[in-house]
Amino acid sequence: MDSGAWDERYAAKDLVWGGEPNRWVAREVAEITPGRALDLAAGEGRNALWLADRGWRVTAVDFSEVALERARRRAAELAPRAAERIRWVRADLLEYVPDPAAYELVVVAYLHLPGAERRRVLRRAAAALAAGGELLVVGHDSANLAEGTGGPQDPGVLFTAQDVLADLADEPLEPVRAERVRRPVAQEAGPPKEAIDALARLRRAP
């Protein structure tokens with residue numbers, strides 16, 4: 001999907017992904033001392049807003065202007081100092097090159113691209129890490145297509161945590177966690193179903 005298609009998707013519904021941070025981002029980042037963060041594929045800003053509210057200085061990047069405008073409006077509801085800690089950037093991640101060695105945390109949540117494009121984005125994300133910084137990658141796992149619910153239905157854009165480790169095998173990163181995790185998804189009728197996510201967390205050498 002291009003930026004225009006995502007603009008239409010965001011415009012059609014208020015808060016496509018909900019207002020709370022992703023549960024895996026919240027779980028993994030809660031233990032990290034706030035510093036500078038880069039949120040790639042930030043969407044409506046749910047993770048960026050949560051990070052800023054916790055004291056992080058955040059650069060949030062997405063290619064949907066509709067999503068970013070919604071994120072800016074939501075940021076205005078934060079305490080002023082928190083809102084001031086976020087810089088919103090409209091850019092295509094296939095072209096965007098973050099400042100090198102500039103961030104203590106880089107988050108890539110639910111960015112689904114063909115393998116070669118995913119590797120390009122992740123390697124640039126890794127290069128943006130300062131010494132000791134951490135990269136957190138979360139997305140719909142390849143197993144979700146057959147065993148889970150929701151998410152892209154194209155196996156070519158799904159991945160596993162091990163795929164992420166392979167993408168970054170040449171980078172000076174130490175795996176902290178690489179696993180398949182299950183996330184309950186509420187249904188309009190009946191009990192919740194489970195989505196299967198890939199989670200990879202890596203740390204740059206000090």
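Could you do me a favour and compute the accessible area per residue for the chain, 1.4 Å probe, result in Å²?
48
I want the local charge near R85. Using Cβ-Cβ distances under 11 Å, sum +1 for each Lys or Arg and -1 for each Asp or Glu among the other residues.
Net local charge, R85 excluded: +3.
Return the FRET efficiency for the residue pair E188, E77: r is the Cβ-Cβ distance, R0 is 35 Å, and the value is rounded to the nearest 0.05.
0.80
For A101 and A26, calculate 0.36 nm times their separation in residues minus their Cα-Cα distance, and state this gained length in nm to one decimal.
24.7 nm
Counting only protein heavy atoms, what percent of the accessible surface of the chain is carbon or sulfur at a 1.4 Å probe?
Whole-percent figure for carbon plus sulfur exposure: 48.
Where does the charge balance sit around E171 when Lys and Arg score +1, Asp and Glu -1, over other residues with C-beta under 12 Å from its C-beta?
+2
Hey, what number do you get for the chain at 222 nm if only DSSP H runs of n ≥ 4 count, each worth -39500 (n - 2.57), divided across all residues, to the nearest 500?
-8000 deg cm²/dmol
If I model a spin label at D92 and A146 as a point 7 Å from the Cα along the Cα→Cβ vector, what separation in nanometres do I get?
3.5
May I ask you to order 108-115, 70-77 by the average number of other C-beta atoms within 10 Å around their residues, highest value first?
108-115, 70-77
Report, by chain and number, residues whose modeled amide H sits under 5 Å from the one on H112, excluding near sequence neighbours (fewer than 5 apart, same chain).
When sequence neighbours closer than 5 places are left aside, there are no close amide H contacts.
Which loop chymotrypsin sites (Phe, Trp or Tyr not before Pro) in segment 44-90, with loop taken from DSSP, have no more than 14 other Cβ atoms within 10 angstrom of their Cβ?
Hits after loop and neighbour filter: nothing returned.
So for the chain, taking the charge dipole from beta-carbon charges (+1 Lys/Arg, -1 Asp/Glu), which of S64, A83, T149 sits furthest toward the positive end?
A83
I want to verify a result. In a Gaussian network model of the chain, Cα cutoff 10 Å, which of these has the top mean-square fluctuation: A127, A143, A189?
A189
Along the positive direction of the dipole of the chain (beta-carbon charges: Lys, Arg +1; Asp, Glu -1; about the Cα centre), which of A161, P206, V107 reaches farthest?
Going by the charge dipole, the pick is P206.
State to the nearest 20 debye the size of the charge dipole of the chain about its Cα centre, where the only charges are +1 on K and R beta carbons and -1 on D and E beta carbons.
560
Whole-Hz Karplus ³J(HN,Hα) for segment 79-93, in order, using 6.51 cos²θ - 1.76 cosθ + 1.60 and θ = phi - 60°, x for Gly and Pro?
With the stated coefficients, segment 79-93 comes to 4, x, 5, 5, 4, 6, 7, 10, 10, 9, 10, 8, 6, 7, 5 Hz.
Considering the Cα positions of the chain, please state its Rg to one decimal place and its Dmax as a whole number of Å.
16.1, 49
The values are calculated or read from the model by the stated rules, or taken from the named source; none is laboratory data. Worth saying up front: this structure is predicted, and the values here are computed from it rather than measured. A quick note on method: Cβ atoms are made from the backbone with ideal geometry, for glycine too, and the neighbour counts reach across all protein chains shown. Just the protein is used for accessible areas: all its heavy atoms, side chains included, with ligands, DNA and RNA removed. Shrake-Rupley method; radii C 1.70, N 1.55, O 1.52, S 1.80 Å.
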